[in-house]
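Engineer: Here it is, the structure in full.
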Amino acid sequence: MRAVPRVVCAERPERTGRSKKMKMKMKVVKRVRLQHKDTAVQDEASHRARHLRAISSTTAAERELEELVFGDSIGADEDELLHRLGRNELNVAQSGTRPERSRESESEDEGTAGSHVKRPVWVDEEDEAEERIDMTHRYRRELMKSDADKILTKKKLKARLEEQFQQAMGGVPAWADRENRKKSKKAASDSESDEDDDLLCRTGNFISGSESLPRGILEMKNCLPANQERLADGKLSTVQFHPSAQVVLTAGRDRSVSLFQVDGIRNPKIQSIYLESFPIYKARFSADGEQVIATGTHHKMFYVYDMMGGSIIPVPQVRGMEEKFVKNFEVSPDGSFMLLTGMSGYLHLLSMKTKELISTMKVNGRTTACAFTSDSSKIYSYSKEGEVFIWDVRSRKCLHKFEDEGSLEGKCIAVSKNNQYVACGSVSGVVNLYTTDVCVKESHPKPVKAIMNLVTSATSVTFNPTTEILAVASNEADEAVKLVHIPSYTVFSNFPVFRRKQIYLTQSMDFSPRSGFFSIANNKGKALLFRLKHYSDF
């Protein structure tokens, strides 16, 4: 058998060649890495050198500050450093120059200065646009002066309402003028201190003479009717002066309520409102003078005219009050209550703010008239049977009852502003005048005066604010009006004017807040106006 020859491959020498090449490449890589490392070391060294050069280039003042803050790195004494700093400041003060501040500090100051001014982040163009209001609405029609005022801005409408209110009030009310209130308070305090000083610096008789109203003849002047610019068509049922402004209110069966400014000369009209199908039985100002309440002749509802807002608010039948008609009412002087006189002796006490029923009181018989005391704590109700009931407003309980002497049927009642007198008018025409301290104690009090100057039923009685005049009248005879001097209980002889017919049938009477004027509403649609010269103010 023949042997096969063995072939030997030359692989080993080739592997040794490749390993040599790999070793050479590794050496090259190591050499490159060492070169890069040397370069990085050199760069770092150069960077440190530049940093050292920058540190060494600092000024002497900076080095001194560094030494003071971070310690004495150069071996200098602290006192020596302070001495050098003081010397540098002295040199700066003498030279008049100050070192320049860095740009960074200036930019910081500018940033803080600008931060005080706050700018809005977002501005809406619709917010800046003025809201426009349609003036052709029935509640705003009267504020239009011309056809050009059909659309007004909110700002102009506010100014128009302020102008109308000032006309109605006869100017800006004292409670609405803040600057004048502050000035008046300051002036009052100054005057009080001056008066005190004057009082302490002199002697003498400090009791002045009395300026009370004299009896006999009342000095007065006949003026134009208060509603001369708009006389009522038919009977004028109400006349009343505003509690704080120089304004008078008239209302009547012609379904209108009117306001006039009282000057005694022309008495210009301020405003009139018309209540459709609502003949007015009685109208009254609220205690603050901002509203007018009006009741009708044959209606369950009544109206409230808001003078501030210029709106007419109907008040339907009050919940809990079952009355066929709402006619006669009174407003409390403190402005809290409204008293409605119902049928069958019922008295309904309402909240003046909400016009809701608070409580109901009941008397035996039928109530014909009511009156609040000036402090609004009590109510005097006069019954058809001639009995007077005194009620406590807070508890709604009857405190006392007394009989009006000789009264066959009660008609009207009034309480003086100082709570001293009570006047009761009856169907016989007699008006009995009582003192309140006797009325609250006795069941059959004696009147201090029985006024018998009327021959027909006494339908209206009212006191003036100073309780010096009592006006009594009847709506059943012409010229049936008398003015009584209270302290002497005598009638003024010069009123009404003898043999001169001008008053006719009296429907309502009222005195101005300081008794300067006296007005009578008659059946001819006129609010007769008289100037009482004894009183200097309105």
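The values are calculated or read from the model by the stated rules, or taken from the named source; none is laboratory data. This structure is a prediction, so every number in the text was calculated from the model and none was measured. Virtual Cβ from ideal backbone geometry, glycine too; neighbours counted across all protein chains shown. Remember, those area values only see protein heavy atoms, side chains included, never the ligands or the DNA or RNA. Shrake-Rupley method; radii C 1.70, N 1.55, O 1.52, S 1.80 Å.
Engineer: For residue 429, all conditions in the list (1) part of a strand (DSSP E or B); (2) under 28 Å from residue 475 (Cβ atoms) hold save one; what is the number of the exception?
Structural biologist: (1)
Engineer: Sticking with this one: Looking at the stretch 479-494, I want the residues that are in contact (Cβ under 8 Å) with a residue 12 or more places away in the chain and have a partner that is part of a loop (DSSP other than H, G, I, E, B) and open to solvent by 40 Å² or more (accessible area, probe 1.4 Å) with Cβ atoms under 6 Å, at least 6 apart or on another chain. Which pairs are those?
Structural biologist: Final answer for the pair search is 482/453; 485/215; 488/215; 490/215; 491/453; 494/217.
Engineer: Can you name the residue in the stretch 251-269 that is more than 16 Å from residue 530 (Cβ to Cβ) and among the hydrophobic types (A, V, I, L, M, F, W, C) and, of all such residues, is nearest to the chain's Cα centre (by Cα)?
Structural biologist: 259
Engineer: Please go through the stretch 495-521 and pick out each residue that is β-branched (Val, Ile, Thr) and closer than 23 Å to residue 281 by Cα.
Structural biologist: From the stretch 495-521, those β-branched (Val, Ile, Thr) are 497, 503, 506, 520; that's our starting set.
Scanning the stretch 495-521 gives 503, 506, 520.
Engineer: Let me ask you something else. Can we say residue 372 is surrounded by 18 or more Cβ atoms within 10 Å (Cβ to Cβ) and touching a residue at least 12 places away in the same chain (Cβ under 8 Å)?
Structural biologist: Against the criterion (surrounded by 18 or more Cβ atoms within 10 Å (Cβ to Cβ) and touching a residue at least 12 places away in the same chain (Cβ under 8 Å)), residue 372 qualifies.
Engineer: When the stretch 465-517 is examined, which residues are found to be open to solvent by 50 Å² or more (accessible area, probe 1.4 Å), of a type in the set (Val, Ile, Thr) and over 20 Å from residue 228 (Cβ atoms)?
Structural biologist: Once the filter is applied, which keeps residues that are open to solvent by 50 Å² or more (accessible area, probe 1.4 Å), of a type in the set (Val, Ile, Thr) and over 20 Å from residue 228 (Cβ atoms), the stretch 465-517 yields only 466.
Engineer: Additional query: Look through 466, 462 and report the one residue that is in contact (Cβ under 8 Å) with a residue 60 or more places away in the chain and either in a loop (DSSP other than H, G, I, E, B) or among the polar types (S, T, N, Q) (or both).
Structural biologist: Within the list 466, 462, the selection yields 466.
Engineer: Working only within the stretch 505-517, note down all residues that are over 34 Å from the mean Cα position of the chain (by Cα) and part of a strand (DSSP E or B).
Structural biologist: Residues satisfying the conditions are 506, 507.
Engineer: Right, here's the next one. Going by the structure shown, is residue 152 assigned to a strand (DSSP E or B) and at pLDDT 65 or above?
Structural biologist: So residue 152 fits the description; yes.
Engineer: Looking at residue 212, is it assigned to a loop (DSSP other than H, G, I, E, B) and either open to solvent by 50 Å² or more (accessible area, probe 1.4 Å) or modelled with pLDDT of 95 or more (or both)? Spell out how you get there, then give the answer.
Structural biologist: Working: assigned to a loop (DSSP other than H, G, I, E, B): yes; either open to solvent by 50 Å² or more (accessible area, probe 1.4 Å) or modelled with pLDDT of 95 or more (or both): yes.
So residue 212 passes the test.
Engineer: Considering only the stretch 316-326, I want to know if a residue exists there that is touching a residue at least 40 places away in the same chain (Cβ under 8 Å) and under 25 Å from residue 240 (Cα atoms).
Structural biologist: For the stretch 316-326, residues touching a residue at least 40 places away in the same chain (Cβ under 8 Å) and under 25 Å from residue 240 (Cα atoms): absent.
Engineer: With respect to residue 520, is the statement that it is over 26 Å from residue 289 (Cα atoms), open to solvent by less than 40 Å² (accessible area, probe 1.4 Å) and either part of a strand (DSSP E or B) or touching a residue at least 12 places away in the same chain (Cβ under 8 Å) (or both) true? Steps first, answer last, please.
Structural biologist: Details: over 26 Å from residue 289 (Cα atoms): no; open to solvent by less than 40 Å² (accessible area, probe 1.4 Å): yes; either part of a strand (DSSP E or B) or touching a residue at least 12 places away in the same chain (Cβ under 8 Å) (or both): yes.
Answer is no for this residue.
Engineer: Something else now. Mind checking whether some residue in the stretch 505-515 is in contact with an Asp or Glu (Cβ under 9 Å, 6 or more places away or on another chain) and of a type in the set (Phe, Trp, Tyr)?
Structural biologist: Step one: filter the stretch 505-515 for residues in contact with an Asp or Glu (Cβ under 9 Å, 6 or more places away or on another chain), giving 505-506, 512-515.
Those left that are additionally of a type in the set (Phe, Trp, Tyr): none.
No.
Engineer: A further question follows. Write out, first by first residue and then by second, each pair whose Cβ atoms fall under 6 Å of each other, whose residues are 6+ apart or on separate chains, and whose first residue, in the stretch 253-269, is touching a residue at least 12 places away in the same chain (Cβ under 8 Å) while the second is open to solvent by 10 Å² or more (accessible area, probe 1.4 Å) and of a type in the set (D, E, K, R).
Structural biologist: Cβ pairs passing all conditions: 253/235; 254/233; 258/230; 260/269; 264/531; 269/229; 269/230.
Engineer: Going through the stretch 506-517 one residue at a time, which ones are on the phi < 0 side of the Ramachandran plot and either touching a residue at least 40 places away in the same chain (Cβ under 8 Å) or in contact with a His (Cβ under 6 Å, 6 or more places away or on another chain) (or both)?
Structural biologist: Looking only at the stretch 506-517, we keep the residues that are on the phi < 0 side of the Ramachandran plot, and these are 506-514, 516-517.
Correct list: 506, 507, 508, 509, 510, 511, 512, 513, 514, 517.
Engineer: Same structure again: Which of the following residues is surrounded by fewer than 22 Cβ atoms within 10 Å (Cβ to Cβ), more than 24 Å from residue 347 (Cα to Cα) and aliphatic (A, V, I, L, M): 427, 438?
Structural biologist: Details: 427 fails: more than 24 Å from residue 347 (Cα to Cα).
Just a single option satisfies the conditions, and that option is 438.
Engineer: If you don't mind, another one. Does residue 310 satisfy the condition of being under 28 Å from residue 417 (Cα atoms) and either out of contact with any Leu (no Cβ under 9 Å at 6 or more places or on another chain) or open to solvent by less than 30 Å² (accessible area, probe 1.4 Å) (or both)?
Structural biologist: no
Engineer: Another one. Just to check your reading of the model, which residue among 401, 362 is open to solvent by 40 Å² or more (accessible area, probe 1.4 Å), closer than 29 Å to residue 448 by Cβ and of a type in the set (Lys, Arg)?
Structural biologist: 401
Engineer: Still on this model: Quick test for you: out of 335, 342, pick the one residue that is closer than 27 Å to residue 513 by Cα and either out of contact with any strand residue (DSSP E or B) (no Cβ under 7 Å at 6 or more places or on another chain) or of a type in the set (Gly, Ala, Ser) (or both).
Structural biologist: The conditions single out 335.
Engineer: Also, quick follow-up: Which of the residues that make up the stretch 253-286 are of a type in the set (Gly, Ala, Ser), under 15 Å from residue 229 (Cβ atoms) and open to solvent by 20 Å² or more (accessible area, probe 1.4 Å)?
Structural biologist: Passing the criteria: only 272.
Engineer: Continuing with the same structure: Pick from the stretch 382-398 the residues that are assigned to a loop (DSSP other than H, G, I, E, B) and more than 22 Å from residue 432 (Cα to Cα): which of them is least open to solvent (accessible area, probe 1.4 Å)?
Structural biologist: 393
Engineer: Evaluate the following for residue 359: is it within 21 Å of residue 287 (Cβ to Cβ), in contact (Cβ under 8 Å) with a residue 24 or more places away in the chain and in a loop (DSSP other than H, G, I, E, B)?
Structural biologist: So residue 359 does not fit the description; no.
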